[in-house]
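Following: one structure in structure tokens, then a few remarks.
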Number of protein chains: 4
Amino acid sequence: MKAAQFWDLETVRIGDVAPPTIQDLDDVVVRVTTAAICGSDLHLYRGDIPGIKPGTVLGHEYVGRVEAVGPRVKTVQVGDRVVGTFHVACGLCSLCRLGQFHQCQRGGVLGYGMAFGDYPGAQAEWVRVPWGDVNLRRIPDAMADDSALFAGDIFTTAYGAVKNANLAPGESVAVIGAGPVGLMAVMAAQTLGAGVVYSIDRDTVRAEQASAFGARPVPSDRTNPVRRILKDTGGLGVDVVIEAVGGPTTLSLAFQLVRGGGRVSALGVTAEAHWDYPLMTALTRDISFRVGLANIHRDIDEVLRLLASGRVDPTQVISHRLPLEDAAEGYRLFHQQMATKVVLEVG
Amino acid sequence: MKAAQFWDLETVRIGDVAPPTIQDLDDVVVRVTTAAICGSDLHLYRGDIPGIKPGTVLGHEYVGRVEAVGPRVKTVQVGDRVVGTFHVACGLCSLCRLGQFHQCQRGGVLGYGMAFGDYPGAQAEWVRVPWGDVNLRRIPDAMADDSALFAGDIFTTAYGAVKNANLAPGESVAVIGAGPVGLMAVMAAQTLGAGVVYSIDRDTVRAEQASAFGARPVPSDRTNPVRRILKDTGGLGVDVVIEAVGGPTTLSLAFQLVRGGGRVSALGVTAEAHWDYPLMTALTRDISFRVGLANIHRDIDEVLRLLASGRVDPTQVISHRLPLEDAAEGYRLFHQQMATKVVLEVG
Amino acid sequence: MKAAQFWDLETVRIGDVAPPTIQDLDDVVVRVTTAAICGSDLHLYRGDIPGIKPGTVLGHEYVGRVEAVGPRVKTVQVGDRVVGTFHVACGLCSLCRLGQFHQCQRGGVLGYGMAFGDYPGAQAEWVRVPWGDVNLRRIPDAMADDSALFAGDIFTTAYGAVKNANLAPGESVAVIGAGPVGLMAVMAAQTLGAGVVYSIDRDTVRAEQASAFGARPVPSDRTNPVRRILKDTGGLGVDVVIEAVGGPTTLSLAFQLVRGGGRVSALGVTAEAHWDYPLMTALTRDISFRVGLANIHRDIDEVLRLLASGRVDPTQVISHRLPLEDAAEGYRLFHQQMATKVVLEVG
Amino acid sequence: MKAAQFWDLETVRIGDVAPPTIQDLDDVVVRVTTAAICGSDLHLYRGDIPGIKPGTVLGHEYVGRVEAVGPRVKTVQVGDRVVGTFHVACGLCSLCRLGQFHQCQRGGVLGYGMAFGDYPGAQAEWVRVPWGDVNLRRIPDAMADDSALFAGDIFTTAYGAVKNANLAPGESVAVIGAGPVGLMAVMAAQTLGAGVVYSIDRDTVRAEQASAFGARPVPSDRTNPVRRILKDTGGLGVDVVIEAVGGPTTLSLAFQLVRGGGRVSALGVTAEAHWDYPLMTALTRDISFRVGLANIHRDIDEVLRLLASGRVDPTQVISHRLPLEDAAEGYRLFHQQMATKVVLEVG
């Protein structure tokens, strides 16, 4: 079958690999119809993630149709239209039992290399999904594939980060970063009842783009975001900051933007082992901080219901639709920030 | 001063009454700029509420400017632009201390007769507001009077009923009744994260009007609402029903529309002392039921933040703006269902 | 195998029936070690529940060891010590998917007759548990069988009713009925942070017994419970009432005991189709009401953790331990209110 | 009047100072009956807090009787028995309006020096309480002074930290530090539904003392706490860690003890401006972190209800009762860890 493979730094090629088969009792094989390139795929592309072998099939955002199911699979049947979660969990270990699927003791991430379970990815004609009952959801009939695609990763990731911030209705939110995940956070915050939402990005074009999603743009190349937001909020700061870039600079910015008693929820992936936490500031100002991989399974069902209702439409961020054969071009465009979101049409 | 007075069944007239003065330490006198006629004012108009004396000044929805403050008032100053809560609470009794302002042991409702504290109403040039610190809120500078007006009663009433239903994001909601409060409930449900929202009204025009607010109209004069909603929800029913009419018929309908484990939250005012509760149905299907006067004070601050953000605009329901002098005409139009919402421009 | 069978009104006999076998892919057969007689079994015993065939094996409270598993069972293995939920759910239907296991479209109650799925009960040497992954939990090593037994029904039932009342820490609770479920509610309320807890029972001995569980006894044969509780609460009433008797009289009492803005959560089983709901009282006082079968699956995991920690010990209510052979005697004692809780030792 | 004054490092003396009078409209003067020495007073005593002038009257834990009230005070009257919050808030600024009293833009801490508002303290015969309506609560008649004393600071501080950890019923908790605040956290966790609670202290005697409060002692001078807790929890770690010591070492320990997806809530006061946050660990394991001064006003009312019910008794930690005259001795004993909690009897 055709599949997008990682070969080397900034080198993705379409290759021909053996199609997957059912290996375990709980496996499901899905014929992929649409896949997408995730911002975190760029970490692999750029060589930030160790342990990825040449030839690895990439991709963890996908929808498709069930092609085959293992003998213990209960919830999906051959022919079902499904969306998969980007991380896969066993559903049986102690942490899964506590609802902490992202902390699964046996799981991993599709197409993300050795450190994440060495599972072949979904930018391919077929993908094997371990523990299919846990990691697949049927797509409601009325929902388009494109919409469901966002439930398996980036919309739900952003949505989860907003929930982790314990957003109360009417509260103000600053989203740092106006890439695809940042834009999802803008949408998710509004869906969950936010009042004013700011979108901060050092690229004016990107920040302005967030206006179309209901945010007030704060282009940090032109405007000091701290000054702007303190002015707007009577010197208090916002109730919630969603950090969607990653790294010490934007984390520190988050602590300057948030009001006393507020919450910082970070979803930007970072490579730093440590960070110089503003302990005294956090102590006197009572700031809550959470950074963590998303627990897609916790939120995907309610996200699918929201998407099905038409209340929110993440497909607006799609800038490019390419055939799977052009995956390399898709990676290049996204890497060079010439694309907001690239969708690969597979079958 | 000029004031709209109740004289008899369906008889409201503008009269000349003595303007209010500060009588208690915590009083505030507000110069009214805009008032509105509430659906519950029609109960007085129609003679449904006992204990209203001829000559009573009507009205409990209003915004204005602070004209005078008693010596213990701390939170508002002369000249402040303010919105008042429709029910007034002392803030000091045991129930207020528990946050149950609508259960205040000394409070009442402005302009609603003897049974509700015998307070002169706000469809007048000035109104005396008891316990002003508790029952007034400063209007944010950027917010229009018209918008704030809805925070003191009907938007917040509907919003509270949705909160009382413990709505989870993505859940489906059926709102029974597409009058002004029903439309507020449609808006509030979406603001609080609802997925699909249905608006049921036996008047097709009213039901269709709800489309403009994001609801799916269910005109019950043409469509069996139970059949329609069970069909749409795969036979389950909706997660939440907001009953915004009042009375046994629509309450019973609510129990037919809600899914097992769902919630019915009623805000329609009713005159029945008892109702034949479907106990066995509720027991086997585990239905939660709540009916109750709104606790405006619980929610008004977050509602004001939502309105200030521009995320929701209840002023869309205003169909008529009349000078205070034409209050009688306003009552007549609203009573005859020729107006959706009547606002009285006072000063 | 030996099993307790229902034959006629107030007639239970130990009989010899064919032991169960695996019939479906998801079945588990459990060798029962301990079972218990539930208050709801007395409804069958007294003939209140239609549709129970002579010879039906009774019982839905049990612990035991897994004896055999169907080919799709994942979470338990032969030899595991397990507790079962009293109602069984498929885990796959739309309502189970929403977490509403007690509303399962295919489930029922073990040993409870035709109207509840016609499943043979667990007061027997072996029991077949449908959808074993959904309806069984492994018992933590350090936990005694007796303790786990209460997690499958009455403790979790009472615990769920307290949670349904949205109890806030420090709130006052009145529990109506000091039978085994009422005593569980007293314990559960305290575990969940209640302040003062009252136990109301018309039998002085039973009410006083609740003292040992931390409640303040209100024997309603001697004391007017409304007067007593209004006096204690400065005329307000309690924040929460748990109704654990069933029927119109105690439901009405509940509405007299609860404060404005309070919550009534009923878990007493009743046979009335309707009840004369105090609508005007509920409206003006803003009372929340919920009555419904327990959703054991929602709460059993956290209950097992609480029991494992030793923080709460429901085994205190056990008054009689009898061999399975003496089940008839157990039913008689419990029916005549000569036993608080009867446990049957099976194997 | 007599008052305990700070003069120099480790030098507290009883002096004679002018009694306070009403200075502002909202002031209340309280005749102190009982005060206590707080662990945070030791920071002053040891010279850790800059900006404390010689002669400053110390103390922020107190109960007493209202002696005089300013003209705008509404909620307390002369003669009322009251407990005060350790930090004082205006109740009127934007942050107080959001319920963030600990972030008040004008408030401070009684007896804590220039950086905290320069308010004279309460280890004295009288104390002036600014904004008395906000910072005092009437003590229920049946509650002893000693019990109420803990509501104004340390019990409520610990209780708030447990709430900030979003503890779910049945969850496991490790409390680092078995000083008075750590013991309060042990009690608060249990009150709020915790399952197993560990008390970690490097002093075996102190750790063992926690057994009397329901905790499992982990003396870290003898036992490796990480190894012990991972062993007990099947390698997962606890759901919640309450850090009640302060400083980088115990904060780092907290991150080693907590399970993936768990929460660390720190209430130990620290002097470090920054801390080397384990960012990669927190990211991959999804740890929530909160450190902050307590918001007493948020929780004091529910704490008072819990204390009034007798469900929890913090007075057990009192090791010494001294007359105010012996305050210096009290400071010395507490400083040398020869006292667990010192109460000063004033009048």
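Out of the residues in segment B:98-115 that are at pLDDT 95 or above and not in a loop (DSSP other than H, G, I, E, B), which is nearest to the other protein chains (Cβ to nearest Cβ)?
Once the filter is applied, the top-ranked residue is B:Gln103.
Go through segment A:305-338 and report how many residues are under 16 Å from the mean Cα position of the chain (by Cα), closer than 19 Å to A:Asp203 by Cα and aliphatic (A, V, I, L, M).
2
Looking for whichever is in contact with a helix residue (DSSP H, G or I) (Cβ under 8 Å, 6 or more places away or on another chain) and under 17 Å from A:His87 (Cβ atoms) here; the options are A:Val129, A:Val175, A:Val218. Which one fits?
Matching residue, one of A:Val129, A:Val175, A:Val218: A:Val129.
Regarding C:Pro130, is this residue open to solvent by less than 10 Å² (accessible area, probe 1.4 Å) and modelled with pLDDT of 95 or more?
Taking the combined requirement at face value, the residue satisfies it.
Taking the options C:Val175, C:Val129, name whichever one is among the aliphatic types (A, V, I, L, M), touching a Gly at 6+ places or on another chain (Cβ under 6 Å), outside the structural domain of C:Arg46 (by TED's automatic domain parsing) and farther than 19 Å from C:Val343 by Cβ.
C:Val175 is the lone residue from the list that is among the aliphatic types (A, V, I, L, M), touching a Gly at 6+ places or on another chain (Cβ under 6 Å), outside the structural domain of C:Arg46 (by TED's automatic domain parsing) and farther than 19 Å from C:Val343 by Cβ.
Can you confirm whether segment B:235-249 contains a residue that is among the charged types (D, E, K, R) and surrounded by fewer than 24 Cβ atoms within 10 Å (Cβ to Cβ)?
Narrowing segment B:235-249 to residues among the charged types (D, E, K, R): B:239, B:243.
Right, trim to surrounded by fewer than 24 Cβ atoms within 10 Å (Cβ to Cβ) and you get none.
No.
Pull out all pairs, ordered by first then second residue, where Cβ-Cβ is under 6 Å, the residues are six or more apart or on different chains, the first lies in segment B:268-288 and is buried (at least 19 other Cβ atoms within 10 Å of the Cβ), and the second is at pLDDT 95 or above and small (Gly, Ala, Ser).
B:Gly268/B:Ala244; B:Arg285/B:Gly260; B:Asp286/B:Gly261
Would it be correct to say that D:Tyr62 is away from every other protein chain (no Cβ under 11 Å), surrounded by 22 or more Cβ atoms within 10 Å (Cβ to Cβ), assigned to a loop (DSSP other than H, G, I, E, B) and among the aromatic types (Phe, Trp, Tyr)?
no
Of everything in segment D:182-228 that's closer than 16 Å to D:Leu253 by Cβ and among the small types (Gly, Ala, Ser), which residue is modelled with the lowest pLDDT?
Out of the qualifying residues, it is D:Ala207.
Which residues, counting only those in segment C:185-232, are open to solvent by less than 30 Å² (accessible area, probe 1.4 Å) and of a type in the set (S, T, N, Q)?
Hits for segment C:185-232 are C:Gln190, C:Thr191, C:Ser199, C:Thr204.
Restricted to segment A:80-97, and to residues that are buried (at least 23 other Cβ atoms within 10 Å of the Cβ) and assigned to a loop (DSSP other than H, G, I, E, B), which residue is farthest from the chain's Cα centre (by Cα)?
For segment A:80-97, the residue satisfying everything is A:Ala89.
So which residues in segment C:1-52 are over 22 Å from C:Pro323 (Cα atoms), among the aliphatic types (A, V, I, L, M), modelled with pLDDT of 95 or more and open to solvent by 10 Å² or more (accessible area, probe 1.4 Å)?
Those that are over 22 Å from C:Pro323 (Cα atoms), among the aliphatic types (A, V, I, L, M), modelled with pLDDT of 95 or more and open to solvent by 10 Å² or more (accessible area, probe 1.4 Å): C:Ile22, C:Leu25.
Within the bounds of segment A:79-91, is there any residue that is among the aromatic types (Phe, Trp, Tyr) and within 21 Å of A:Pro50 (Cβ to Cβ)?
Checked against the condition, which is being among the aromatic types (Phe, Trp, Tyr) and within 21 Å of A:Pro50 (Cβ to Cβ), segment A:79-91 yields at least one hit.
Restricting the search to segment B:140-187, which residues are assigned to a helix (DSSP H, G or I) and either free of Cβ contacts under 8 Å to residues at least 60 places away in the same chain or touching a strand residue (DSSP E or B) at 6+ places or on another chain (Cβ under 6 Å) (or both)?
Matches in segment B:140-187: B:Asp145, B:Ala148, B:Leu149, B:Ala161, B:Asn164, B:Gly182, B:Ala185, B:Val186.
Identify all residues within segment A:68-97 that are among the basic types (Lys, Arg) and either under 23 Å from A:Thr156 (Cα atoms) or more than 11 Å from every other protein chain (Cβ to nearest Cβ) (or both); write none if there are none.
Selection gives A:Arg81, A:Arg97.
Before we move on, is C:Val173 surrounded by 20 or more Cβ atoms within 10 Å (Cβ to Cβ) and within 13 Å of chain D (Cβ to nearest Cβ)?
yes
Inspect all residues belonging to segment B:318-329 and state whether any of them is part of a loop (DSSP other than H, G, I, E, B) and among the hydroxyl-bearing types (Ser, Thr, Tyr).
First, pick out the residues of segment B:318-329 that are part of a loop (DSSP other than H, G, I, E, B): B:318-319.
Subset that is among the hydroxyl-bearing types (Ser, Thr, Tyr): B:319.
Yes, segment B:318-329 has at least one match.
Yes or no, residue by residue, for (1) in contact with a strand residue (DSSP E or B) (Cβ under 7 Å, 6 or more places away or on another chain); (2) not aromatic (Phe, Trp, Tyr):
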| site | (1), (2) |
| --- | --- |
| B:Cys38 | yes, yes |
| B:Pro50 | no, yes |
| B:His60 | yes, yes |
| B:Val73 | yes, yes |
| B:Val76 | yes, yes |
| B:Asp80 | yes, yes |
| B:Leu92 | no, yes |
| B:Phe101 | no, no |
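Restricting to segment A:12-29, name every residue that is assigned to a strand (DSSP E or B), in contact (Cβ under 8 Å) with a residue 40 or more places away in the chain and within 26 Å of A:Ala328 (Cα to Cα).
If the condition is that a residue be assigned to a strand (DSSP E or B), in contact (Cβ under 8 Å) with a residue 40 or more places away in the chain and within 26 Å of A:Ala328 (Cα to Cα), then A:Val12, A:Arg13, A:Ile14, A:Gly15, A:Val29 are the ones that fit.
Tell me the helices (runs of 4 or more DSSP H) entirely within segment A:225-307 that contain at least 1 residues that are more than 9 Å from chain D (Cβ to nearest Cβ) and touching a Pro at 6+ places or on another chain (Cβ under 6 Å).
A:248-257
The values are calculated or read from the model by the stated rules, or taken from the named source; none is laboratory data. The structure presented is a predicted model; accordingly, all values stated were derived computationally and were not measured. Note that we place each Cβ from the backbone using ideal geometry, even for glycine, and neighbour counts take in every protein chain shown. Remember, those area values only see protein heavy atoms, side chains included, never the ligands or the DNA or RNA. Shrake-Rupley method; radii C 1.70, N 1.55, O 1.52, S 1.80 Å.
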